[in-house]
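Q: Have a look at this one.
The values are calculated or read from the model by the stated rules, or taken from the named source; none is laboratory data. Quick caveat, the model's predicted, so the values are computed rather than measured. All Cβ positions, glycine included, derive from the backbone under ideal geometry; neighbour counts span all protein chains shown. The accessibility values were calculated without ligands, DNA or RNA, using every heavy atom of the protein model including side chains. Shrake-Rupley method; radii C 1.70, N 1.55, O 1.52, S 1.80 Å.
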Amino acid sequence: MKIFSKEQIYEGDKLTAEKQNITSTELMERAGIQIFNWLHVRMQGAQVPIHVFCGIGNNGGDGLVVARHLIIHGYNVKTYIVNCSDKRSKDFLINYERIKETTKDWPAMLTCKGDFPQIHKDDIILDAVFGIGLNRPVDEWVAQLFMHFRASNAFTLSVDIPSGAFTDKVVENEDSVVWANHTLSFQSPKLIFFLPDTAKYSLQWEVLDIGIDREFLFKTETEVVLIGKHEVLPMYQPREKFVHKGTYGHALILGGSYGKIGATVLASRAVLASGAGLVTTFIPKCGYSILQTALPEAMVITDSSESIITDINFEIKPQVIGLGIGMGTDPETIAALEKFLKSNKVPLVVDADGLNIISKKKTLIKLLPKRSVLTPHPKELERLIGKWKDDFDKLKKVKAFSKKYDVIVVIKGANTITVYKDRYYVNTTGNPGLATAGTGDVLTGIITGMIAQGYDALQGTLFGVYLHGRSADIAIEDLGYQSLIASHVIDALGEAYIDLFKQPEQPQAEQPKDEN
């Protein structure tokens, strides 16, 4: 699924109206009816008070359409106009006249705090005040209205985007944004639904199809792509009958230090569980017995040092190397890594202390092969690119970093975002159970295993991130968030693969009753 910019959304609306020979007002009617249908299916005529707050632009026009259809269908509706400017859109005015023709209970005009209606916690708020076109902070009295919504504890449903939020930047005052329980977004989600700074403004979201031109949706390239099951399934490489372990690649996991050998065990297990044919683990001597015992499927090469990596030397020829896991940042290890990078030509997946070493010695980044994959957690990312002002600034800095060094950067988080050059790929799988030790090592192993099998670096990363999150989603069904550990994610990888090909359950047709 693509995430369109607001400029592209405007272009799509205009093109749809032209190609389908409809007016913008008719397109607004279509959008409003979709919101109404969503409510109607769930409420089934229930007489819960519904407070519809409309701005005076096109988002407010959408709200007026919804309010009109709710009124026609007998719902308990009260409509308000947030009269914050004298610039009314054409389609708002048309729908304002239509609702006046529908009911004698005309919309109430709100111009200050003294106009605010009483809202009970069991009521419903429909927020249609501002849409994606908002480009300035809201007036103080409007911010107070939004705080009034929040203080009521009523269920709040936002139309397209929570009012007061921007599509491309973070608001300075969080009280000037509607905090929605649910947002119904037209045609595609908004990037702000997936960023830590802004996701809090909508606890849940859904996309409503309002019939935007299919050719436009298919052909338009977007900067942001949402990665889910339907996006990764075409990447899947089916297995042939006459294959062997060499067909699916040999990966090397390079890392570990005294007390941190477990990280290499997890990463190596994940390499094999993701589908690679062979894995060799390069570790200090202290980890030899641990690896041979914990993972008999792995081969092991040891450093000459007992407790740290001091000399990276091996004769095998892996397809990909995952490095940095549990490696530590001892000066001898830094020197060994620098020497290795100067001669290495093998694709790399760099994590943990591999990233920390590069951060300590920034010149090493230039030694990474093109399209290397970096998997930093937030502090490791900060050490690489510096501090950021907000999430949009972070994305901008990561994009510049990716383009400058031709690397793929995985920004780990609730919605992991993979950045490569000019594009952002937002993952949709995963859950809070992943906030536990070792899951990052597992992710490194999965991505390394995918690349070993023959997936290119970007596809292997996107597919690997998806599988990592989906495995965790499957595992928590039995374990819950709190009891999930990194090993469980590996254990569920097989089910995550099988899940790719599961079809949604179809509702069974009701059997006719026997009249006899």
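Q: Obtain the nm distance between the two label points defined at Lys113 and Ala335 by a simple spin-label model: each point lies 7 Å from its Cα along the Cα-to-C-beta direction.
A: So the label points at Lys113 and Ala335 sit 6.8 nm apart.
Q: Another one. Percent relative contact order of the chain, based on C-alpha pairs within less than 8 angstrom and at least six residues apart?
A: Relative contact order here is 11 percent.
Q: Something else: Just name one of Leu368, Thr333, Val350: the one whose Cα is farthest towards the positive end of the charge dipole of segment 331-398 (beta-carbon charges, Lys/Arg +1, Asp/Glu -1).
A: Looking along the dipole axis, the top candidate is Leu368.
Q: What are the GluC sites (Glu not before Pro) within segment 215-277 that DSSP puts in a loop, where the Cβ has at most 10 other Cβ atoms within 10 Å?
A: Answer in residue order: Glu221, Glu240.
Q: Grab the Cα-Cα distance for Lys389 and Arg88, subtract it from 0.36 nm times how many residues apart they are, and report the gain in nm with one decimal.
A: 104.9 nm
Q: Taking the Cα-to-Cβ direction at Lys360 and at Asp499 and moving 7 Å from each Cα, how far apart do the two end points lie in nm?
A: About 3.8 nm, to one decimal.
Q: Along its principal axes, what span do the Cα atoms of segment 98-193 show, with the longest given first and each in whole Å?
A: The Cα atoms of segment 98-193 stretch 39, 29, 26 Å along the principal axes, largest first.
Q: In debye, nearest 20, what is the charge dipole magnitude of the chain about its Cα centre with +1 on Lys and Arg Cβ and -1 on Asp and Glu Cβ, if you could check?
A: It works out to roughly 1520 debye.
Q: Right, here's the next one. Rounded to the nearest 5, what % of DSSP beta bridges with both residues in the chain are antiparallel?
A: 15
Q: Got a number for carbon plus sulfur as a percent of segment 74-152's accessible area, 1.4 Å probe?
A: 50
Q: Next up: Can you give me the C-alpha center-to-center distance between segment 295-316 and segment 82-121, rounded to a whole angstrom?
A: 71
Q: Report the extension gain between Ala437 and Ser307 in nm, rounded to one decimal, defined as 0.36 nm multiplied by the number of residues separating them, less their alpha carbon distance.
A: The Ala437-Ser307 span can extend by a further 44.7 nm.
Q: Once you have the Cα-Cα distance between Trp141 and Lys169, take 0.36 nm times their residue separation minus that, and quote the gain in nm to one decimal.
A: 7.9 nm
Q: Once phi is turned into ³J(HN,Hα) by the Karplus curve 6.51 cos²θ - 1.76 cosθ + 1.60 with θ = phi - 60°, what whole-Hz value does each residue of segment 423-430 show in order, with x for glycine and proline?
A: Rounded to whole hertz, the list is 10, 10, 10, 9, 7, 10, 9, x.
Q: Now, a different point. Set Lys and Arg Cβ to +1 and Asp and Glu Cβ to -1, take the dipole of segment 3-99 about its Cα centre, and tell me which of Tyr75, Phe36, Ser89 lies farthest positive.
A: It is Tyr75.
Q: Rounded to whole Å and ordered largest first, report the semi-axes of the equivalent ellipsoid of the chain derived from its Cα gyration tensor (root of 5λ).
A: Those come to 51, 25, 20 Å.
Q: So, one more: What shape does segment 33-122 take by its C-alpha gyration tensor, where a ≥ b ≥ c are the square roots of the eigenvalues and a/c under 1.5 counts as rounded, a/b above b/c as prolate, and the rest as oblate?
A: Here segment 33-122 falls in the oblate category.
Q: Still on this structure, I have one more. Per q in 0.21, 0.22 1/Å, what log10 I(q)/I(0) does a Debye calculation on the alpha-carbon atoms of segment 201-292 return?
A: -1.05, -1.11
Q: For Lys342 paired with Lys100, estimate the spin-label separation in nm (one decimal), with each label point 7 Å from Cα along the Cα-to-Cβ line.
A: 8.1
Q: Where the centroid of each part is defined by its Cα atoms, how far is segment 161-220 from segment 462-496 in Å?
A: 27
Q: Right, something else. Taking the Cα centre of the chain as the origin and placing charges on Cβ (Lys, Arg +1; Asp, Glu -1), which of Gln118, Thr280, Ala143 is farthest toward the positive end of the dipole?
A: Checking the options against the dipole of the chain, the answer is Thr280.
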